[in-house]
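Have a look at the structure below, then the notes.
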Amino acid sequence: MITVEAPGLFSTVQDRGRPGYYAMGIPPSGALDLYAHDVANVLVGNRRDAATIECTFVGPTLTFDEFTVIAITGAAAEVYLEGMRVPMWMSQVVRANQTLEFRRLATGARSYIAVRGGIEVPSLMGSLSTYVASGLGGHHGRPLAAGDTLQVGAAVVPFSSPCGGVDVPDSDIPSYPSELEIRVVPGLCDYRLTPSALEDLYSTPYTVTTEANRTGYRLAGKPLEFKPRPAPFGAGDDPSNVVNLGYPVGSIQVPSGTELICLLRDAVTGGGYATVGTIISVDLDALAQAKSPDVVRFVPVSIDQAIAARADRESRVQRITQNVLR
Amino acid sequence: MPRLTDGSRFSFGADEFVFVELSDEMSLEQTLRVIAITDALRAASLVGVTDICPAHVSYMLRLDPTLMDPRDVIESLEEAHQCCGQSADLVIQSRLIEIPVFYNDPWTRETVMRFRDRHQSNDMNDLEYCASVNGFSDIQSFIEAHSGNPFIATFIGFMPGNAESYQLVPRKEQLQAPKYLRPRTDTPARALGHGGAFTTVYPVRGAGGFQLLGRAAVPVFDPESRLDDFGGKIVLPRAGDIFKYRPIEVEEYEAIRAEVEEGHYTYTMHETTFDLAAFQKDPPGYNAELLEVLR
């Protein structure tokens, strides 16, 4: 059992998500940075779909009531176990009644805590992930609170043995720069933008605002102009309005042309603003590690590049898994 | 944006999504075609496709690109569009569900007046504003127009339980209202909202931009799925459901709320079909027949 002494700013239980319910208005949720989540699990011998704790900016203080192994990945934080610094991206033995404490965050926005066996919460529609906006899944559908207790599950890889000091090569640890390139497959309703607005989208910097959470990131920058047109029946009068349609996870919308909203894994599944492109799935990990006032540049890529980047991430996690199990 | 042979636009939402737009304006013909096409795609059990999401005049697929290259799914879309071509002949399975609504209730009235700075009108509440922009001289006539003819759920989305619905009346009789200039930060749970040509019951308390007309006595979302009519699901509405909003007063509202809270409320609900051609031939006659079971 794990006792939450202090919850941190916004800590939720997340796994790899809840696919299959988008048409019911239920987004996939799951770890925003899937790479960091997966690697944390791999380091403690968990299955990759085991639930971790996703921490935002300020992580929690946790007391473990029995011997276990943990790993912390993602945003670089100062973490202490009974006053001793805990390295990131490395498995760590925790003894009974020891307390883990997060202090300062250096780079990135979200850290992941994997515990051997995974965090155990009731499964909802095939997933342990928390979707806070509707109060679904995870630990009572909400972020962790002081005094909560969490159970540990049994989502381990067969024949893996728990031990500390398992790490990943530096080359597999992402840096979380404050200026980042985010790859986008152009399309969706981007035919509604003027040619110069399309050019601006891929050539000017956008700044992450403080309105950035698991649902989406608002970015400020050069306004984008839509082609004038008579409002189609049912769409609404603003040129950025459309007859409400589905929003892909990762899609970028531009309400009134003034501000970009990039949807993440707790996306609203649809709405009435034109979408102008979609962030490739791999780069959702990177965007989720950005924070205000980081600067984003969008780079147009093909579907082939998006699929190749996804395969590359997968092979990295596979390689790390092989090394850990060896 | 590339097109299918029937003229529908399609595009890829990066590696996981395919987006298809049949039309850029609302039309019931296209909505029913979307429902038929997405039903056909669901029945085809395409490998790697995890989600099939119909909207008003467009739809989306989500897929696992390691199992199915998003570009390889287009052939199946083309087939589905071919076989669901004649929208006028479409008949869909549906449910007729009565939603008791306390129009002009005190909770939404109080809420909307807190947000006049984000609204088109400084002094009118949302119901008065909707009546006015639709040419009604009083709110009662607007409520009669809104509750007199049923609505069909044409887009399930935004959040779980949200079902944007389009009234079964000819286009020139559609009630229309703009969305708020800037969305409210608060909406009571179960508020009845109208925006563009669409009505919805807000599933949970939260932000929103539709004009608020009243409050439903019954839920459309329940994370614990306590009412039998949810069939073990956490949401009530499905695409193609037909909703009839029945005006109620405070006494009945409170009585229904108590039944819901105790977990034994039963929705007035009937299995039915919706036949677009028959509806279009005689909307008032069709609706009268459809609603007969509610009398």
Counting just the residues of the range B:135-170 that are within 18 Å of B:D282 (Cβ to Cβ) and free of Cβ contacts under 8 Å to residues at least 40 places away in the same chain, which one comes out nearest to the other protein chains (Cβ to nearest Cβ)?
-> B:Q167
Any residue at all in the range B:86-93 that is within 10 Å of chain A (Cβ to nearest Cβ) and either crowded, with 23+ Cβ neighbours inside 10 Å or touching a helix residue (DSSP H, G or I) at 6+ places or on another chain (Cβ under 8 Å) (or both)?
-> no
Among strands (runs of 3 or more DSSP E) completely within the range A:53-122, the ones holding 2 or more residues that are among the hydrophobic types (A, V, I, L, M, F, W, C) and surrounded by 24 or more Cβ atoms within 10 Å (Cβ to Cβ) are A:68-81, A:98-115
Does B:S225 satisfy being at positive phi, more than 8 Å from chain A (Cβ to nearest Cβ) and small (G, A, S)?
-> yes
Confirm whether B:S132 is more than 14 Å from every other protein chain (Cβ to nearest Cβ), in a helix (DSSP H, G or I), hydroxyl-bearing (S, T, Y) and surrounded by fewer than 23 Cβ atoms within 10 Å (Cβ to Cβ).
-> yes
Of the residues that make up the range A:271-287, is at least one crowded, with 23+ Cβ neighbours inside 10 Å, more than 9 Å from chain B (Cβ to nearest Cβ), within 16 Å of the chain's Cα centre (by Cα) and assigned to a loop (DSSP other than H, G, I, E, B)?
-> no
Look at the range B:6-42 and say how many of its residues are under 19 Å from A:C189 (Cα atoms) and more than 11 Å from chain A (Cβ to nearest Cβ).
-> 3
Would you be able to tell me the number of residues in the range A:1-33 that are of a type outside the set (D, E) and either assigned to a helix (DSSP H, G or I) or away from chain B (no Cβ under 13 Å) (or both)?
-> 18
Only one of (1) assigned to a helix (DSSP H, G or I); (2) more than 30 Å from B:T187 (Cβ to Cβ) fails for B:L67. Which number is that?
-> (1)
Just one listed residue, out of A:A36, A:A40, is farther than 21 Å from A:A212 by Cα and either within 14 Å of chain B (Cβ to nearest Cβ) or of a type in the set (G, A, S) (or both), and it is A:A40
So how many residues does the range A:243-270 have that are in a strand (DSSP E or B) and either more than 8 Å from every other protein chain (Cβ to nearest Cβ) or surrounded by fewer than 22 Cβ atoms within 10 Å (Cβ to Cβ) (or both)?
-> 7
Does A:K222 fit the bill of being touching a residue at least 24 places away in the same chain (Cβ under 8 Å), over 30 Å from A:A76 (Cα atoms) and surrounded by fewer than 22 Cβ atoms within 10 Å (Cβ to Cβ)?
-> no
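Values in this text are rule-based calculations from the coordinates and carry no lab data. Note that this is a predicted model, so its numbers are computed, not measured. When we count neighbours, we look across all protein chains shown, and the Cβ atoms used for this are built from the backbone with ideal geometry, even at glycine.
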